[in-house]
Amino acid sequence: MAQRAEAFRSGRFYLPTVNLTRGSGKVAPGIPAFNNNYDVSINFNKAQGGLKSFIDKHGFYDQNNAGSDLALYCSEAVLPGSDINTAQVRGLRQGITQKYATFREYPDVILTYYAQTDYYTNDVFNAWMEFISPTSGRDIPAFRRMKYPETYKCDMEITAFSKDTTSEFSKLNRTSAFSRQLPSSITYKLINVFPSSIIAAPLAYGTAELVKTTVTFKYDQYFVDRTSRVGSTLEESVDSDRIVSHPTAVSNEESDVAYNDPREFDNPQEALSTFELAELMIRHKNDSPV
């Protein structure tokens, strides 16, 4: 008899809809997340070549922390994605094309900011790009050499969170700083970020609309942290739980045998026992040329 589908084995096919929003114990309720609670911050202090001080010169009224000042003006953001490029092998199995991962890529992040009446947002990102590719001056239309990457790359955090910022008791009373609580959230920590493109902001006569500046960012990689709140219980992710451990080999020879075993390609989940590993090492020595 064929195995029944997971929908029937788990009993979800008759689960009432109301149960999806009610958790039991430490099981988080399956409440859908909304896309209008988020924060974007840029750490200009990471750059080691004077980027922050250069950007601060473009701010008036003691604006010396552009990474935080612009956080509330980000009108559109994205939670970064990830791509894995693949290759394929044909002919090892009749009628089957086996695909495997080759390397991982991180697509660009595109953010849209509101422009203030003094266009501080535009000036910050234009200053950032000017720092990367400095000009010789306004009278001489020429460019100097590019800055080194460590002088203009920064870190960025994109955080999406729920509305559980106050307790149930505080919602019935006047909210104060002492009644705030950390909500459920997810934070993407982008490493070595820099702008690669500023999309032109259109201006037109007619009905007035808000001016927006869209910026495309490049980065090396990102890491993800997460929090989950159920009532008064808050769980936070741990860095050590989010790093895949790598098996260590006793010698290069053992590593070569273990990672080139043909069965690893057929079934990556199959682990080699100590006896099998020793047998493969003996076979490898016998097959090696003298």
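Within the option set L111, L72, being touching a residue at least 40 places away in the same chain (Cβ under 8 Å) and hydrophobic (A, V, I, L, M, F, W, C) holds for one residue only, L111. Can you say whether V78 is surrounded by 11 or more Cβ atoms within 10 Å (Cβ to Cβ) and at pLDDT 95 or above, as far as the supplied structure shows? When the stated conditions are applied, V78 does not pass them. Residues in segment 56-110 that are within 15 Å of S41 (Cα to Cα) and either among the small types (G, A, S) or assigned to a helix (DSSP H, G or I) (or both): A66, G67, S68, D69, A71, L72, Y73, S75, A77. Only one of the listed residues (T207, T216, T187) is modelled with pLDDT of 90 or more, surrounded by fewer than 17 Cβ atoms within 10 Å (Cβ to Cβ) and in a strand (DSSP E or B). That residue is T216.
Of the residues I132, I96, I110, the single one that is over 26 Å from T214 (Cα atoms) and either among the aliphatic types (A, V, I, L, M) or out of contact with any Gly (no Cβ under 8 Å at 6 or more places or on another chain) (or both) is I96.
Among all positions in segment 134-157, there is at least one residue which is among the basic types (K, R), at pLDDT 90 or above and closer than 21 Å to D69 by Cβ. Residue pairs whose Cβ atoms lie under 6 Å apart, sitting 6 or more positions apart in sequence or on different chains, and linking a residue in segment 147-166 that is in the same structural domain as I132 (by TED's automatic domain parsing) and of a type in the set (F, W, Y) to a partner that is part of a loop (DSSP other than H, G, I, E, B) and modelled with pLDDT under 95, are Y152/A47; F161/N37; F161/P183. Residues of segment 111-150 that are in a loop (DSSP other than H, G, I, E, B), surrounded by 11 or more Cβ atoms within 10 Å (Cβ to Cβ) and in contact with a strand residue (DSSP E or B) (Cβ under 9 Å, 6 or more places away or on another chain): A115, Y119, S133, P134.
The rows are residues; the columns are (1) surrounded by 11 or more Cβ atoms within 10 Å (Cβ to Cβ); (2) in the same structural domain as P149 (by TED's automatic domain parsing); (3) under 27 Å from the mean Cα position of the chain (by Cα); (4) at pLDDT 90 or above.
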{"residue": "L15", "(1), (2), (3), (4)": "yes, no, no, no"}
{"residue": "Y38", "(1), (2), (3), (4)": "yes, yes, yes, yes"}
{"residue": "S41", "(1), (2), (3), (4)": "yes, yes, yes, yes"}
{"residue": "Q48", "(1), (2), (3), (4)": "yes, yes, yes, no"}
{"residue": "L51", "(1), (2), (3), (4)": "yes, yes, yes, yes"}
{"residue": "C74", "(1), (2), (3), (4)": "yes, yes, yes, yes"}
{"residue": "G91", "(1), (2), (3), (4)": "no, yes, no, no"}
{"residue": "A101", "(1), (2), (3), (4)": "no, yes, yes, yes"}
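Give the residues of segment 53-64 that are within 19 Å of N192 (Cα to Cα) and in contact (Cβ under 8 Å) with a residue 12 or more places away in the chain, sorted by residue number.
In the first step, residues of segment 53-64 are kept if they are within 19 Å of N192 (Cα to Cα); the result is 53-55.
The answer is F54, I55.
The values are calculated or read from the model by the stated rules, or taken from the named source; none is laboratory data. Just so it is clear, the model here is predicted, and its values are computed rather than measured. We place every Cβ from the backbone using ideal geometry, glycine too, and count neighbours over all the protein chains shown.
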